[in-house]
Amino acid sequence: MPLSPRTQTPRRSGPLRGARPLRRRTAAALLASAVSVALLAASAPPTPLGLGDRLFPTLGNPGYDVAAYHLDFTYSGDNRAPLAAVTTIDAWTTADLDRINLDFAHGTVESVEVDGEPADFTGAGEDLVVTPEEPLSAGSLTRITVRHTSDPVGSDDSDGGWVRTADGLAMANQADAAHLVFPCNDHPSDKAMFTIRITAPNDYTAVANGLPAGRHRTARTTTWTYRTKHPMATELAQVSIGRSSVVRREGPGGLPVRDVVPSKDREALEPWLAKTPDQIAWMESKVGPYPFETYGVLMAQASTGFELETQTLSLFEKDIFTEPAYPKWYVESIMVHELSHQWFGDSVSPRTWSDLWLNEGHATWYETLYADETAHRPMETRMKAAYGASDTWRAAGGPPARPKAPARGQKISIFRPNVYDGASLVLYALRQEIGHRDFDRLERAWVARHRDSTASTADFVRLASEISGRDLRGFFQQWLYGAKTPPMPGHPDWKSTEPAKPATQGEQTKHTQQARQTKQAQRDRRAEPAEQGGQEKRDRPAEQEKRGTGAAEGTQSTRGKRGEEAPVMVGAAG
Ligand SMILES: [Zn+2]
């Protein structure tokens, strides 16, 4: 995803409204499973569990593997009103379980059934803890049905989950917010198939990930169904409900491309929409076939401060296409950033959130390469600027593959420069080290080998070593985990400047550039990269762009509206 300042407001979390206390379990049930006793002590109070992700320890849950989600939302037409929802989860148990923990933290649960039988449930932390009548044995397919509300209000918008737009709703769940919308195993290591059904008043259009799988219209409402053809991580789910038009066209090889835009802006936005097929063709020329059944952009009337690579339907703020401050080449490169995530991050998902650099490093890489090849923005210039800032980024956010934990109350703050341009710089160093030919082979092999799956940093190191015929573990150890940036192969003159002072995540130094870099969650970038390492603010860039003088050479930009500060970009620390 691209960059954004985030608020410091902690996510509101608390007990699940409507949760019932657990019934006392029978002795027979307690004795039913030795494994489950080890995993979840049935006699102990329900507790939040997690998969032990280094950055988000309580995300996801052990003991099962979700095969499919069926999400069913009913929208009233008021985007502040909770949606009625039914979430049905088909999961394979991987251990004997007498409780099933789901992640769910924002909504009222009305009932839970396990395999058609009513089950007890209660809230614990950000988990919904379900206790079926009979314990579940390992290796069985079980169906959990949760009737609940899905509340678009109450958690701060910047926390993710539902995004309220001018005309309805969209979704932005990365990294850990899908469970604010629906009960799930909210970790990218557990991908599953999705069927998403939305019922809305007839004057709304609903679109979700994947292809349409039916539409049923009654006198007042229409029910829209969509289904994915490939497994998807919960963080990548998308549901758009709005006064929208769906614009269809054909991509390379007959790929169905469909964009979702506000109906009133359809004509004005068409020149942007028309760019997607060529961008897909460009990506395919670099890394191989597009990995999914469809693609498109969702232009939402919302100020999220970021764009997001939701699977098959990337989320963009409509304003980045209409705001004259953003040069055309820059907006195109951001479109390619989200598109490239369909390969890097979506089809190949991170095994853990510490592998985030594999998502953002690659997306930044192709964003930069596209600007290089199509808009004469040399990659080497941007990489040199990134090299200059890299030590500062590492001090502030940790090395690319071992990012610092999110700031308190600001979980999304793992999206720092160290995983964007800092990680793209690692790929540049790798290409310098092994050469263009092997680097290109590696990129293609990576997305082919791990398609529809998850992969880790160790997998990438292994594949790079295999393809180059060299043991690259030492190289990657320094570049991915070192506190300092190693010398750049082929550019011994490049220097990384020392951090001016110790990094801080505090608010007290927020007026310094360094602190801005530290505390701002980057997410997917929305200010243009610095290219000359200069410090001047961009001045009337649209006009400069028009004159062809190469706008946006500065390291900072200001967003005109609302006096918001734009993200600090590459080279800003210099
Ligand atoms: Zn991104």
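Throughout, read-outs are computed from the coordinates displayed, never taken from laboratory work. What you see is a predicted model; the values in this text were computed from it and never measured. Here the Cβ is made from the backbone with ideal geometry for all residues, glycine too, and neighbour counts use every protein chain on show.
Treating only the Cβ atoms of Lys and Arg (+1) and Asp and Glu (-1) as charged, compute the dipole magnitude of region 85-201 about its Cα centre; round to the nearest 20 debye.
It comes to approximately 420 debye.
With r as the distance between the Cβ atoms of Ser137 and Lys275 and R0 = 56 Å, compute the FRET efficiency 1/(1 + (r/R0)^6) and round to 0.05.
0.60
Within region 109-139, what residues put their amide N at less than 12 Å from the label point 7 Å along the Cα-to-Cβ vector of Asp65?
It comes to 139, nothing else.
Please give the Cα centre distance for region 197-218 versus region 235-314, rounded to the nearest Å.
About 17 Å separates the Cα centre of region 197-218 from the one of region 235-314.
Filter the cross-link list Lys384/Lys484; Lys275/Lys411; Lys275/Lys384; Lys275/Lys318; Lys275/Lys328; Lys191/Lys229 down to pairs whose alpha-carbon distance in this structure exceeds 22 Å.
Lys275/Lys411; Lys275/Lys384
Between Thr223 and Asp452, what is the label-to-label distance in nm when each label sits 7 Å out along the Cα-to-Cβ direction?
2.8 nm
Neighbour counts of other C-beta atoms within 10 Å: give me Glu360, Glu338 arranged from fewest to most.
Final ranking by Cβ density, sparse to dense: Glu338, Glu360.
Relative contact order for region 27-242 using alpha-carbon pairs under 8 Å, separation at least 6, rounded to a whole percent?
Once normalised by length, the contact order is 21 percent.
Stretch Glu250-Ala84 to full length: gain in nm at 0.36 nm per residue minus the Cα-Cα span?
Stretched fully, the Glu250-Ala84 segment lengthens by 56.2 nm.
Relative to the present Cα-Cα distance, how much length would full extension add between Glu284 and Asp372 at 0.36 nm per residue of separation?
30.0 nm
Could you list Asp421, Asp391, Asp278, Asp103 so that the one with the fewest beta carbons within 10 Å of its beta carbon is first and the one with the most is last?
Asp278, Asp391, Asp103, Asp421
What spacing in nm lies between the two simple spin-label points modelled at Gln432 and Ala405, each 7 Å away from Cα in the Cβ direction?
With each label point 7 Å from Cα toward Cβ, the separation is 3.4 nm.
So what's the gap between the Cα centers of region 415-457 and region 43-121, to the nearest angstrom?
Each part's Cα centre sits 34 Å from the other's.
Extension gain Thr94-Ser263, at 0.36 nm per residue separation less the Cα-Cα distance, in nm?
56.2 nm is the gain from fully extending Thr94 to Ser263.
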